[in-house]
Amino acid sequence: MTDSSNDGELLECAGLVRRFGERTAVDGVSFEIAPGETYGLIGPNGAGKTTTIRMVCGLLHADEGSVRIAGQTVSTAADPAKKLIGYVPQDIALYPDLTVRENLRFFGRLYRLRGRALERRVDAVLDLVDLTERARDRVDSLSGGMRRRLNIGAALVHSPSLLVLDEPTVGVDPQSRHAILGSVHRFGEEGMAVLYTTHYMEEAERLCDRIGIIDHGRMIAEGTQRELVATVAERDRVLLTASGELAKYVSECRLLDRVDRVDVGGDHGDTVQILVRDARSLLPELLDLAHRVDVRIRGVEIVEPDLEAVFLHLTGTALRE
């Protein structure tokens with residue numbers, strides 16, 4: 001594999017395999033993340049996400065394959081590559097009887113930060129996770145959302161090149177969730193590579209430059225949201241609430257280019273559902289046709305394909321099942 005200093009990739013995972021007895025939890029997973037890129041790893045429960053993350057962080061050895069960060073191979077032994085990683089686990093990994101600042105100091109010292117350099121970095125992280133005003137408070141006095149933010153801060157004290165977040169917003173209130181997502185977005189803008197797993201599809205859509213979908217230990221699809229939608233040939237749905245000559249309208253719609261299917265449904269039989277390619281450009285023609293055949297449109301909704309539709313198509317299950 002080429003050195004990441006030449007090809008621009010910070011994290012390179014190649015052919016990762018991990019077995020537990022006769023069960024293969026991760027089976028040939030490969031992906032790369034560039035500096036400044038946020039990469040989402042999503043999949044059903046038990047798909048192999050956390051096992052993959054633990055191999056990336058050197059917490060679990062791979063039976064086959066390799067992980068490289070900035071050209072350095074990551075292993076389960078103590079090695080310099082691990083200093084480039086900030087890991088935020090699903091569970092809160094803080095000391096509840098210490099203050100916010102004391103926790104950050106502790107984790108900073110683990111990475112040999114001392115004196116003024118440590119205090120400057122602690123102050124910067126407190127600002128990043130918006131906990132400056134709570135710096136002297138014990139962790140056990142914080143809300144769940146604040147603890148989640150501090151959990152992220154603990155992974156940032158040593159200024160890692162790669163931030164790995166495993167379900168960082170589980171169980172937090174909407175305000176804290178919004179703050180966490182905003183922080184993660186800023187990390188990418190500042191050049192940090194981010195590996196992000198989530199059970200919330202809207203988070204992946206909002207944050208991730210590219211997304212890998214893993215199922216039964218295998219990477220089954222990868223790309224931007226637009227690329228993933230295109231791979232399964234999803235179509236836009238136009239929902240028209242209408243009255244009048246609906247049968248005639250449906251017949252005429254089926255003759256239009258880019259229209260794949262037309263159905264009439266709804267509780268009152270007044271909803272025309274049209275499956276099309278590029279709904280927004282076709283909508284004026286659909287509305288004009290309705291006027292010409294004496295159909296009155298009372299409501300218009302365009303449902304564009306999203307990651308949820310792609311995920312369901314590829315895995316046969318909803319993400320949170």
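The values are calculated or read from the model by the stated rules, or taken from the named source; none is laboratory data. Predicted, not measured: the structure shown is a model, and the values here were computed from it. Because the Cβ atoms are built from the backbone with ideal geometry, glycine has one as well, and the counts that use them run over all protein chains shown.
Only one of these is modelled with pLDDT under 90, surrounded by 14 or more Cβ atoms within 10 Å (Cβ to Cβ) and not in a helix (DSSP H, G or I): Val164, Val170, Val194. Name it.
Going through Val164, Val170, Val194 in turn, just one is modelled with pLDDT under 90, surrounded by 14 or more Cβ atoms within 10 Å (Cβ to Cβ) and not in a helix (DSSP H, G or I): Val170.
Select from segment 205-233 the residues that are touching a residue at least 24 places away in the same chain (Cβ under 8 Å) and among the basic types (Lys, Arg) and list them in ascending order.
Arg206, Arg210, Arg218
Could we say that Asp236 is surrounded by 12 or more Cβ atoms within 10 Å (Cβ to Cβ), under 27 Å from Glu205 (Cβ atoms), out of contact with any helix residue (DSSP H, G or I) (no Cβ under 6 Å at 6 or more places or on another chain) and in contact (Cβ under 8 Å) with a residue 12 or more places away in the chain here?
no
If I go through segment 120-146 residue by residue, how many of them are touching a Ser or Thr at 6+ places or on another chain (Cβ under 8 Å), of a type outside the set (Val, Ile, Thr) and modelled with pLDDT of 95 or more?
7
From Val293, Val300, Val259, Val276, grab the single residue that is free of Cβ contacts under 8 Å to residues at least 40 places away in the same chain and in contact with a helix residue (DSSP H, G or I) (Cβ under 8 Å, 6 or more places away or on another chain).
After ruling out the rest, the residue left standing is Val259.
Within segment 16-67, how many residues are within 27 Å of Arg206 (Cα to Cα) and basic (Lys, Arg)?
The number of residues fulfilling the criteria is 2.
Taking interchain pairs and intrachain pairs at least six residues apart, which have beta carbon atoms under 9 angstrom, with the first residue in segment 243-254 and in the same structural domain as Val295 (by TED's automatic domain parsing) and the second assigned to a helix (DSSP H, G or I) and exposed (fewer than 14 other Cβ atoms within 10 Å of the Cβ)?
Glu252/Arg292
Could you please give the count of residues in segment 53-82 that are in a helix (DSSP H, G or I) and surrounded by fewer than 16 Cβ atoms within 10 Å (Cβ to Cβ)?
The qualifying residues number 1.
Matching residues to (1) buried (at least 20 other Cβ atoms within 10 Å of the Cβ); (2) in contact with a Lys or Arg (Cβ under 7 Å, 6 or more places away or on another chain); (3) not aliphatic (A, V, I, L, M):
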position: Gly86; (1), (2), (3): yes, no, yes
position: Ala117; (1), (2), (3): no, no, no
position: Ala154; (1), (2), (3): yes, no, no
position: Pro160; (1), (2), (3): yes, no, yes
position: Gln175; (1), (2), (3): no, no, yes
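Being of a type in the set (Asp, Glu) and either assigned by TED's automatic domain parsing to the domain that holds Met201 or at pLDDT below 90 (or both) is true for just one of Glu285, Glu304. Which residue is that?
Glu304
May I ask you to say which residue of Asp209, Asp215 is farther than 16 Å from Val88 by Cα and in contact with a strand residue (DSSP E or B) (Cβ under 6 Å, 6 or more places away or on another chain)?
None of the other options fit; the residue is Asp209.
Residues in segment 247-262 that are of a type in the set (D, E, K, R) and in contact with a Leu (Cβ under 8 Å, 6 or more places away or on another chain): how many?
So the count comes out to 4.
Can you pull out every residue in segment 187-220 that is among the basic types (Lys, Arg) and more than 20 Å from Gly8 (Cα to Cα)?
Arg206, Arg218
Condition check ((1) outside any loop (DSSP other than H, G, I, E, B); (2) β-branched (Val, Ile, Thr)) across all residues:
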position	(1), (2)
Ala25	yes, no
Ser30	yes, no
Gly36	no, no
Ile92	no, yes
